[in-house]
1. Test residue B:242 against the stated conditions and say whether it is without any contact (Cβ under 8 Å) to a residue 60 or more places away in the chain and in contact with a Phe, Trp or Tyr (Cβ under 9 Å, 6 or more places away or on another chain).
2. If you take the residues of segment A:15-57 that are within 10 Å of chain B (Cβ to nearest Cβ) and charged (D, E, K, R), which of them is surrounded by the most Cβ atoms within 10 Å (Cβ to Cβ)?
3. For segment A:45-64, check the following and say yes or no: at least one residue is modelled with pLDDT of 95 or more, touching a Phe, Trp or Tyr at 6+ places or on another chain (Cβ under 7 Å) and assigned to a loop (DSSP other than H, G, I, E, B).
4. Of all residues in segment A:1-14 being assigned to a loop (DSSP other than H, G, I, E, B) and farther than 20 Å from residue B:42 by Cβ, which is nearest to the other protein chains (Cβ to nearest Cβ)?
5. Within segment A:127-152, can you find the residues that are in a helix (DSSP H, G or I) and touching a residue at least 40 places away in the same chain (Cβ under 8 Å)?
6. Taking segment B:130-180 on its own, how many of its residues are at pLDDT below 95, surrounded by fewer than 17 Cβ atoms within 10 Å (Cβ to Cβ) and closer than 30 Å to residue B:7 by Cα?
7. Looking at segment A:65-79, which of the residues that are crowded, with 23+ Cβ neighbours inside 10 Å and among the hydrophobic types (A, V, I, L, M, F, W, C) is nearest to the other protein chains (Cβ to nearest Cβ)?
Amino acid sequence: MKPTIDVDGVEVGLPTEGASSLWDVLDNNGIRIPMGCGTGHCGACTVLLDDTPTPSCLVPKGSVRGARIRTAASSALPALVDAMAREGAVQCGFCSPGVVVTLSWAIRLAVARHRCLDADEVRELLIGHLCRCTGYQAIVTATVSACRNELASGDGGDASATRS
Amino acid sequence: MTVDVYPSTWSEAAAHAGTAGAVVIAGGTGVQPWLSVRTDPPPTALVHLARVPEARQWDRADGTVTLGSLVTVDNLAAAICFGTEGAGWFATPAVRRRATVVGNVVSALGPRELGAPLLALGARLHGRTDASGPWTRPVAEILCDGIPAGHLATGVTANIPERLVYQRMSARRRLSRVELGVCGAQGPGCGAAVVIGASMLPVETGVGRGDEFVAAIRTQAMTVLRDPGRLATVTELAARVHRDLHTRSET
């Protein structure tokens, strides 16, 4: 039986030969994710791999058989997306999908623990994401604001909750 | 074409690793970027260690910690090796969640950032071959000569330090290779290491005074370093390491 992965709730077949990465598999199946450095440092291609933010360019396709992949399309926290738009935390948008995947994950984890992310924690999370437009401060402000709102509204309590 | 293979024991993995053209994958953070851009012939097989149960295990005993080859850099067991600072200086959080300690040391594809701390901890690498079975070698030897073709790295054992300090310089913190660095560790079996570009050298320091510690580092550095400015930088880093090892309190 051909190995598969679950991408945003859709079953995607994995090639049985070759040395492609998870990013290659997604791209070959029409799932468009930015590709930046190709070495795991820029974070543009970050997806949730079994509920953990991971640069998809670093992951051999042979090591994800049966895995659950969530892209920004299904894992973005609406409160974060709204806050990023409000704070001007998106300019060219190249880094945004990866940033949104990581920060949505972090907000869900924080809210599940009944706490709010602080600015230093957000900056630490952004170490794996290069943004050449925003200077990061707007992203930090948006994330802290979104986390505070999620905590106040009681949403996002399930750390693994994503739309699929 | 490259095929994926999934051994479930060390001996099966060693047999696959010994096949011509096979490449072993642990975390994949060094291997996959190379696979994506390589221009030479592709590997015949990618040997995934995920189904070898021992590869994920770690053990702490008799003042040492042994990490299996799938133990990642962000694992708490690995953190024992990196002192109070932890491994936060290594790459990015997402990379630390996938990169493995053993893979970092044996892979010739990356800068081997963990080499200096492991040298200072007197670490030994464990491996095996299909033909001759298990072996253990000092990490210093592996950093110098690399792991022989066809050999499989199965784990690493390091002495647990009472304290470890790593002072280093690089063009871009976390993202660039350490250009000059000095790592010192206190505790049984521990010592120091000096990093000069791609060279990582162990230093026997004993329980000496600050000037003796600095002199030992300088002597080792001078075996590969001729530039007086860089030698002065190494000397300053060594002095800071000794000061931090002996005067700063653990937090």
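1. yes
2. A:24
3. Within segment A:45-64, one or more residues are modelled with pLDDT of 95 or more, touching a Phe, Trp or Tyr at 6+ places or on another chain (Cβ under 7 Å) and assigned to a loop (DSSP other than H, G, I, E, B).
4. A:2
5. Within segment A:127-152, A:128, A:138, A:139, A:141, A:142, A:143, A:145, A:146, A:147, A:149, A:150, A:151 meet the criteria.
6. Going through segment B:130-180 one residue at a time, the tally reaches 10.
7. Result: A:69.
Conditions tested, residue by residue: (1) assigned to a strand (DSSP E or B); (2) surrounded by fewer than 16 Cβ atoms within 10 Å (Cβ to Cβ); (3) of a type in the set (A, V, I, L, M, F, W, C); (4) in contact (Cβ under 8 Å) with a residue 12 or more places away in the chain.
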| residue | (1), (2), (3), (4) |
| --- | --- |
| B:40 | no, yes, no, no |
| B:43 | no, no, no, yes |
| B:55 | no, no, yes, yes |
| B:60 | yes, yes, no, yes |
| B:79 | no, no, yes, no |
| B:87 | no, no, yes, yes |
| B:91 | no, no, yes, yes |
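The values are calculated or read from the model by the stated rules, or taken from the named source; none is laboratory data. The structure presented is a predicted model; accordingly, all values stated were derived computationally and were not measured. Every residue, glycine as well, gets a Cβ built from its backbone with ideal geometry; the counts of neighbours run over all protein chains shown.
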